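Structure, as structure tokens:
Bear in mind these aren't lab numbers, they're just calculated from the coordinates by the rules spelled out. Keep in mind the model is a prediction, meaning the values are calculated, not measured. Counting neighbours? That spans all protein chains shown, and the Cβs are built from the backbone with ideal geometry, glycine included.
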Amino acid sequence: MKTKSGKKVPAAALLLILGLILVIFRNAAPEFILRIVAAGLMVVAAAGIFLAVRDKEARKSTRIGRVLLQGLLIALGIAILVKTSFFASFFKYVLGGIMIFFGLKDMIPAIKNKLGLLKILLGLLAIILGVVLFFIPAQALTLLSGLALIYCGAVSVFGGKKPAQDRNKS
């Protein structure tokens with residue numbers, strides 16, 4: 001049986017790679033960065049479609065929903081490639097909001113389920129990074145975007161199982 005964390009590894013690896021590219025090319029123009037992010041988004045969405053179609057254990061309605069969501073992500077990637085300058089004007093706000101959302105999504109269950117100080121600190125780090133993205137100048141956006149993607153990819157890969165899941169298996 002496939003685990004959910006096993007399905008996240010290709011997307012998380014892509015996030016790590018994109019993050020490293022952004023850190024290495026931190027002096028690049030925001031339009032260049034958006035093109036890289038759009039390409040990565042489309043690759044992750046295409047992999048998501050492949051995994052949704054291949055997942056025979058899920059209900060048909062669930063698979064259709066996943067495919068539609070991934071199709072929307074591909075459409076967003078194409079829109080970013082076509083209208084890069086439009087998306088460049090508010091990219092840092094979107095990325096900051098996403099970081100805050102994922103930080104809260106990780107931190108709140110960690111506090112409720114007492115999953116450990118590390119998970120709480122990682123969630124708090126994502127929230128702080130998201131807030132910082134709102135106020136940074138455009139020159140630092142590439143570096144912080146890369147760090148944000150590396151963070152998201154690392155948490156997805158190394159997040160591990162929840163202790164409650166381990167207890168239920170015994």
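So the values come out like this:
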quantity	calculated
Residue check, Lys105 within 15 Å of the chain's Cα centre (by Cα), among the basic types (Lys, Arg) and within 17 Å of Gly153 (Cα to Cα)	yes
Candidate set: the range 11-68, residues that are under 26 Å from Ile136 (Cβ atoms) and of a type in the set (Val, Ile, Thr); chosen: the one surrounded by the most Cβ atoms within 10 Å (Cβ to Cβ)	Ile33
Yes/no for Val43 being under 15 Å from the mean Cα position of the chain (by Cα), within 27 Å of Ile127 (Cβ to Cβ) and of a type outside the set (Gly, Ala, Ser)	no
Members of the range 77-120 found to be aromatic (Phe, Trp, Tyr) and either free of Cβ contacts under 8 Å to residues at least 40 places away in the same chain or surrounded by 13 or more Cβ atoms within 10 Å (Cβ to Cβ) (or both), listed by number	Phe86, Phe87, Phe90, Phe91, Phe101, Phe102
